[in-house]
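*Asks:* After the structure tokens below, expect a handful of questions from me.
Just so you know, all these numbers are worked out from the coordinates, no wet-lab data involved. This is a predicted model, so every value here is computed, not measured. For neighbour counting, all protein chains shown are included, and Cβ atoms are generated from backbone atoms with ideal geometry for every residue, glycine included.
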Amino acid sequence: MKKKILFSLLVIALIVVACNKTVFTGRKSLNLIPAGELNQMSFAEYKSFLSQNKTLTSGKDVDLVKRVGNDIKAAVEVYYKSKNLQGDLKNFAWEFSVVDDPNTVNAFCMPGGKVVVYTGILKVTQNEDALAAVMGHEIAHALANHGNERMSQGLVAQLGLSSLQVALSQKPSQTNDLLLAAAGAGTQVGILLPFSRKHESEADEIGLYLMSMAGYNPSAAVPFWDRMNKMGGSRPPEFLSTHPDPSKRSQRLKELEPKARAYAIRYPVPGSSKRK
């Protein structure tokens, strides 16, 4: 009995210590994995992912994705500096890659700022502002530590808190699968699904602020998501499987537009490639 009580207290203490507050929204989340350790896994998986996919190294699509990505990166750095939170970005190693796959409508950002955009989604974005909505949304996932939170939930659900260190050190296949799923590169099922809808809504909000600060028009977000939802008739792309209800999402984004524009005025980003 005493051992059970001690273990319960240890679990509670671990959860309290691992609580993280999300920048922009202030939402508290469970982050069990140290950022440095998570990013080390993330960078290794990112490198492996690129080696297994047809990654473009030049061309208009690459130039476009890198230009928009760097604009949003600059907005992130300006905002974090204004809040004296530069240290939160020390483990980021930004990189923007394009995978040549016209049949895959997807994009994701792994922990530490490793962003992947498939050429398939560029047919839906149609313009830089909409691409900024996508990339801002995906980068927001990384900034809000959604990958860490989802991995933490997955580790707890599948392996148990007592097996956390064992999982990280001795079960790389399982933890790597969780990492890819947590980044949006895999399929989210079971216990993670309800939580990820909250993450998507939060990423919508933060992403809208980021794209606006970076010089892009936040009004482009709603038409883009409308185009995404119209794809495939009654079966939208898997990219949207855990996203909010379309009508509620559109309404929320419209409500947030004035606040996003206010962010652009309050936190101007000098030298961005596109200004409103």
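*Asks:* Out of residues 5 or more away from residue 31 or on other chains, whose amide H comes under 5 Å of its own, with H placed 1.01 Å from N in the peptide plane?
*Replies:* 19, 20
*Asks:* Pairs 114/254; 21/248; 60/114; 114/230: which exceed 23 Å Cα-Cα? Please list the in-between numbers first.
*Replies:* On the way: 114/254 29 Å; 21/248 25 Å; 60/114 20 Å; 114/230 28 Å.
Over 23 Å Cα-Cα: 114/254; 21/248; 114/230.
*Asks:* Turning to a different aspect of this structure: Determine, for 204, 245, 101, the number of other Cβ atoms within 10 Å of each Cβ, and report the residues in order from fewest to most. Present the calculation step by step, with values, prior to reporting the outcome.
*Replies:* Numbers: 204 21, 245 11, 101 15.
Ordered from fewest to most neighbouring Cβ atoms within 10 Å, 204, 245, 101 come out as 245, 101, 204.
*Asks:* Only sites in a loop by DSSP and with at most 13 other Cβ atoms within 10 Å count here; which chymotrypsin sites (Phe, Trp or Tyr not before Pro) in segment 33-109 make the cut? Intermediate results must be reported in sequence, preceding the final value.
*Replies:* Working: sites: 43, 46, 49, 79, 80, 92, 94, 96, 108; in loops: 92, 94.
For chymotrypsin sites (Phe, Trp or Tyr not before Pro) across segment 33-109 that sit outside H, G, I, E and B with at most 13 neighbouring Cβ atoms in 10 Å, the list is empty.
*Asks:* Between segment 243-270 and segment 109-131, what is the separation of their alpha carbon centroids in Å?
*Replies:* A separation of 18 Å, based on Cα centres.
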